[in-house]
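One structure is given here, and the rest of the page talks about it.
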Amino acid sequence: MSLLSELTFVHNMLRRDLAEIRRMAESAAAGGDLAEVRKGLVQLSSATLFPRIRRIAPDLNAAVDRLEADHAAVSGLLDEVGAAARDAESRERLVKALDALADRFLEHLAYEEEALGAVLSTMRH
């Protein structure tokens, strides 16, 4: 299995999880139990993949820079979701935080697949 196939597999799982997060946000907005809302995304480490891509395909450095910045932004959004989940008084804050996270993360996944797809399809573990 190429690294692109693995990346796409993981991204599809994340997309499924984001759909569940959006469902939880809708439930919270409708007055559902905030205890149901949990931090369900796993932050993936890019400590080995991105340096390897930089070595193999230096022409993708700008794309990797953007992806690393996206990872930092998503981390900040996850922090906001956590803070909003603890704020039982503000369902609206939680809904906005979950929507922002889902929007940014879906954009990130699509960009990562597009920008790195060609090089990842040639890479193996």
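Around F105, what is the net charge, scoring Lys/Arg as +1 and Asp/Glu as -1 over all other residues with Cβ under 10 Å from its Cβ?
Counting the neighbours of F105, the net charge comes to -2.
Mind putting a number on the dipole of region 72-125 about its Cα centre? Charges go on the C-beta only, +1 for Lys and Arg and -1 for Asp and Glu, and I need it in Debye to the nearest 20.
160 debye
Please give the net charge around D59, taking every other residue with its beta carbon less than 15 angstrom from that of D59, where Lys and Arg add +1 and Asp and Glu add -1.
+2
Label K96 and D59 with points 7 Å out from Cα along Cα→Cβ: what is the distance between them in nm?
About 4.3 nm separates the two model spin labels.
Report the local net charge at L7: Lys and Arg +1, Asp and Glu -1, summed over other residues whose C-beta lies under 10 Å from its C-beta.
-3
Given a Förster radius of 22 Å and the C-beta distance between S27 and A73 as r, what FRET efficiency does 1/(1 + (r/R0)^6) yield to the nearest 0.05?
0.30
Neighbour counts of other C-beta atoms within 10 Å: give me V74, V95 arranged from fewest to most.
Numbers: V74 17, V95 20.
Arranged by neighbour count, lowest to highest, V74, V95 become V74, V95.
Using a simple spin-label model with points 7 Å from Cα along the Cα→Cβ vector, what separation in nm is obtained for F9 and L106?
So the two model labels end up 2.5 nm from each other.
Any read-out appearing in this document is the output of simple, stated calculations on the displayed coordinates, not a laboratory observation. Predicted model, so just to flag it, every value in this text is computed and none were measured. Cβ coordinates were reconstructed from backbone atoms using ideal geometry, including for glycine residues, and neighbour counts include every protein chain displayed.
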